[in-house]
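Single-structure report; data block below.
FYI, it's all coordinate maths here, none of it is from the lab. Since we're looking at a predicted model, the values are computed, not measured. Here the Cβ is made from the backbone with ideal geometry for all residues, glycine too, and neighbour counts use every protein chain on show.
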Amino acid sequence: MIRSMTTAVNTMNQLQTQFDIIGNNLANSATTGYKSSDANFHELLYQQFTNDKADTAQRQSPAGIRYGVGAALGPAKMNWKVGSLQSTGRELDFALTEPKQYFNVIMPGEGGEQTVYTRAGNFYVSPVEGGNLMLVNEGGYPVANSAGQPITFADNVKSYNMLPGGVLEVTHNDGNVQRIEMGVTTLERPNLMKSISAGLLALPENVAELGVAIGDILTEMNGANRNRIGMENGKLEASNVNYEKEMTDLINVQRSYQFNARTVTLADQMLGLINNIR
C-alpha cells in the first residue's frame, strides 16, 4: 500500500508542474510574440519481479511483474511556430516573420547591462538628453541596433518605415533621412535560453557548463546574414498559444490528478482495514 501511495504522490507532484505550464500558456494567450511551452511525461525507474518461472504459457506482455514509482515530467520545450500577424497600421509596430529571430533589447542586470531577446515588436519612443529620442520596448528598455547600442535619433521625426534587412528608416521634418540597422539575433538552440518573463529570453549564466559555446546558441544577424531577416512594418505577431489544445490538456491533466488522488485515498482505506483486522 505504501508503494501505491508513493507512486501516486510522485505523479501528482509532476502533474502540478504541468498545471503551471498550461496555466502560464493560457495567461499569455494575448501576449505579443509569446511562444507556448509543452512537456511530456516519462516513466521513472521500475522494479522487476520475475516470480512466475513455472508458467510456461506464451504471453504477449513481459514476463514477471513490474512495480513502478510514478511518472516524471520531461523538460519543457517551446513551440517556435510563428504566430499569426495582426495588422495595426502603427509605424513603430514590427513583426518578425521568420522563426527563432528575435529583437535585441538592452536590460539592466546585477552585473551591468545585458542583451535580452524578444519577439514583441511594439516599440515606442522616449525622450533622452540632448533633445533626442530613444527607441524602447513596452517595458521602457532601449532597443539595440546591430552594434549593440541603443537606437537614438533627433526628435523632429516625420515618419518611420522598415526597409528590407531590418533597416529602420527615420524621415525628419527637414527632409533628412536616417537609416538604422536594428539588432536582430537568431536563436539556434532556443531551448537553452533562460526565460526572464513571458516575452524576454536571455543567455544562461554559465554557458560553459552546458558544454556549448555562445556561437552555438545564437547568431547575430549582421553583414550578409541581414538578407535572411524577415520583418514587416505596421503589424504585430500574436501569441501562438492554441487555446483549444491548452483547455483539452488542462482537462486531461485534471482527470489524471483526480485518478492519482483517488489512488491515495483507496490505499489509505485499505491500510485502515488492515490495522483494524490486526
- For the chain, what does -39500 (n - 2.57) per DSSP helix run (n ≥ 4), summed and divided by total residues, give at 222 nm, in deg cm²/dmol to the nearest 500? -8000 deg cm²/dmol
- With only Lys, Arg, Asp and Glu charged, each at its Cβ (+1 for the first two, -1 for the last two), find how big the charge dipole of the chain is about the Cα centre; round to the nearest 20 debye. 1140
- With Cα atoms, 0 to 90° folded angle of helix 243-277 axis to the chain main axis: 30
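Please list, by residue number, every one of the GluC sites (Glu not before Pro) in region 141-235 that is coil in DSSP and has at most 10 other beta-carbon atoms within 10 Å.
Numbers: sites: Glu169, Glu181, Glu188, Glu205, Glu209, Glu220, Glu232; in loops: Glu188, Glu205.
Counting only loop positions with at most 10 other Cβ atoms within 10 Å, the GluC sites (Glu not before Pro) in region 141-235 are Glu205.
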- Summing +1 for each Lys or Arg and -1 for each Asp or Glu, what net charge is found among the other residues whose Cβ lies under 11 Å from the Cβ of Pro99? +2
- Query: Is the shape of region 85-237 best called rounded, prolate or oblate, per the rule: a/c under 1.5 gives rounded, else a/b larger than b/c gives prolate, else oblate, with a ≥ b ≥ c the square roots of the Cα gyration tensor eigenvalues?
  - Reply: prolate
- Message: So for region 26-134, if I pair up every lysine 8 or more residues apart or on another chain, how many of those pairs have alpha-carbons under 26 Å apart?
- Response: 5
- Note on the structure: So, over other residues within a Cβ distance under 10 Å of Gly148, counting Lys, Arg +1 and Asp, Glu -1, the net charge is -2
- Query: Using unit Cβ charges (K, R positive; D, E negative) and no other charged atoms, how large, in debye to the nearest 20, is the dipole of region 85-237 about its Cα centre?
  - Reply: 360
- Note on the structure: Ordered by number, the trypsin sites (Lys or Arg not before Pro) in region 9-75 that occupy a DSSP loop and have at most 10 other Cβ atoms within 10 Å are Lys53, Arg59
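If Lys and Arg each add +1 and Asp and Glu each add -1, what is the summed charge of the other residues whose beta carbon sits under 15 Å from the beta carbon of Gly234?
-3
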- Message: Straight-line reach from Lys235: which aspartates and glutamates fall under 13 Å, measuring Cα to Cα and dropping same-chain residues less than 8 apart?
- Response: Glu91, Asp93
- Query: What angle do you read, to the nearest 10 degrees and between 0 and 90, between the alpha-carbon axis of helix 2-27 and the longest principal axis of the chain?
  - Reply: 20
- Cα pair distances of the chain binned at 10 Å [whole percent]: 6, 22, 24, 18, 12, 9, 6, 3, 1, 0
